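Let me begin by presenting the structure, written as structure tokens, before commenting on it.
Please treat every number below as a calculation from the coordinates, not as lab data. Only a predicted model underlies this, so the values are computations on that prediction, with no experimental measurement involved. Cβ coordinates were reconstructed from backbone atoms using ideal geometry, including for glycine residues, and neighbour counts include every protein chain displayed.
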Amino acid sequence: MTRSQSFTTWLKGHVKDNSAIGDLARDVAADRNWPSGKQLKGQREYLESLGAIPAAVETLERAWSLYQERAAE
């Protein structure tokens, strides 16, 4: 992964995944209002403001953790 790659760009790279992260990636790719410039806190708050189910928020947090792990490599 490119160190300068944003979380949103990284996430959108998973749109073809058949997983919860892939589902989230597709939702994010289709959402013109996705707060890509925000960190995890702002993105979590955005999902919660839309009434996202807890599993969606957990998926966001898991995706963020994976992104951070890859960035540290």
Filter the stretch 55-73 for residues that are in contact (Cβ under 8 Å) with a residue 24 or more places away in the chain and either among the aromatic types (Phe, Trp, Tyr) or surrounded by 12 or more Cβ atoms within 10 Å (Cβ to Cβ) (or both) and give the result.
-> ALA56, THR59, LEU60, ARG62, ALA63, TRP64, LEU66, TYR67, ARG70, ALA71
Matching helices (runs of 4 or more DSSP H) fully within the stretch 1-54 where at least 2 residues are surrounded by 13 or more Cβ atoms within 10 Å (Cβ to Cβ), within 11 Å of the chain's Cα centre (by Cα) and of a type in the set (A, V, I, L, M) = 20-30, 40-49
